[in-house]
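Quick note: the coordinates plus some simple rules give every number you see, no bench work behind them. None of the values given here were measured: they were computed from a predicted structure. As a convention, Cβ positions derive from the backbone with ideal geometry for all residues, glycine included, and neighbour counts pool all protein chains shown.
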Amino acid sequence: MKTPAKMVLCFFLNQNQQIIVIFTVIILRILMICKYFYFILFVFSTIICGQDQGKHSTYYYQRFSLFESFPNDSNEIIFLGNSITDGCEWSELFKDLRIKNRGISGDISEGILDRLDKVLEGKPDKIFLMIGINDLAFGVEFDTIIMNYKKIISSVFLKSPNTKLFIQSVLPVNPNFEKFKNHTNKTNEIIKLNTELVKLCEFNSLTYIDLYSHFVDEKNYLSTIYTNDGLHLLGPGYLLWKSLVEEYIYSY
């Protein structure tokens, strides 16, 4: 049934003009539908395609893409972890080009899992893993952290059985600094996590490297000799770290 507006329009237009108007209206409606269709398609594709890209930080993907561009080989010794690992020039520290930095600032145990295949691709000689402080700071469930560690261990055993995996303790923190409050208030949680890591290593016949006890002061905090923000390390901290793991690099 024609509306009054359409009836008036049809009265003043001839048949050909009416056809043109109707055709134009149809085209406009199609265009409108298409506009919304492509908008919906764009939003949907952005959500789907961005799920992985949005899972971690921009820096994570920048750093990971760099690692992907490097060749891998079985002589590599990998330091794997978060910003505390990322902050060191490992090959220069040890004067050994086999030692590679695969730390990513802000990384968590799930992030390690998501990029572990690339690390294992070259069947590295050794991996020194430290991860967990960001998990604790971001509120990741304790059981989830342990489960991710178990998955990391299983993946190394399965995909690169000749790789020697060393689990390093999570380092202490110091709450007497203004920065990183969600990290530096986790002393008790770190102690609990390290205790569980010892058990994991015993169960899986892995070497646990206790760094924690060498970095603490009399209050069980990260010593100010080694940090200026309560979380990350100064040069002396990396020199101490080197002295604690050197035997595992060259004697195991």
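What the table below lists for this structure:
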| item | result |
| --- | --- |
| Under-5 Å amide H pairs with residue 107, H placed in peptide plane, nonlocal only | 83 |
| Residue 220 long-range amide H proximity, modeled H, under 5 Å | none |
| Residue 199 versus residue 251: modelled label distance in nm, points set 7 Å from Cα along the beta carbon direction | 3.0 nm |
| Shape call, the range 88-225: gyration tensor on alpha carbons, a/c limit 1.5 | prolate |
| Hz values of 3J(HN,Hα) by residue in the range 210-217 - Karplus curve (6.51, -1.76, 1.60), Gly and Pro given as x | 7, 8, 3, 5, 8, 9, 8, 9 |
| Likely footprinting exposure, 217, 125, fewest C-beta neighbours within 10 Å first | 217, 125 |
| Relative contact order (percent, whole number), the range 58-250, Cα cutoff 8 Å, 6+ residue spacing | 19 percent |
| Residue order, fewest to most surrounding Cβ atoms within 10 angstrom, among 130, 147 | 147, 130 |
| Neighbour-count order for 115, 29, fewest beta carbons within 10 angstrom listed first | 29, 115 |
| Entries of 55/100; 55/126; 151/186; 55/179; 100/242; 150/192 with Cα pairs more than 19 Å apart | 55/100; 55/126; 151/186; 55/179 |
| Full-stretch length increase - residue 95, residue 158 - with 0.36 nm per residue and alpha-carbon distance subtracted | 19.6 nm |
| Efficiency of FRET between residue 55 and residue 225 - r from beta-carbon atoms, R0 30 angstrom, step 0.05 | 0.25 |
| Average Cα contact separation per residue, the range 137-243, under 8 Å, 6 or more apart, as relative contact order % | 29 percent |
| Built amide H within the under 5 Å cut-off of residue 164, gap 5+ | 126, 127 |
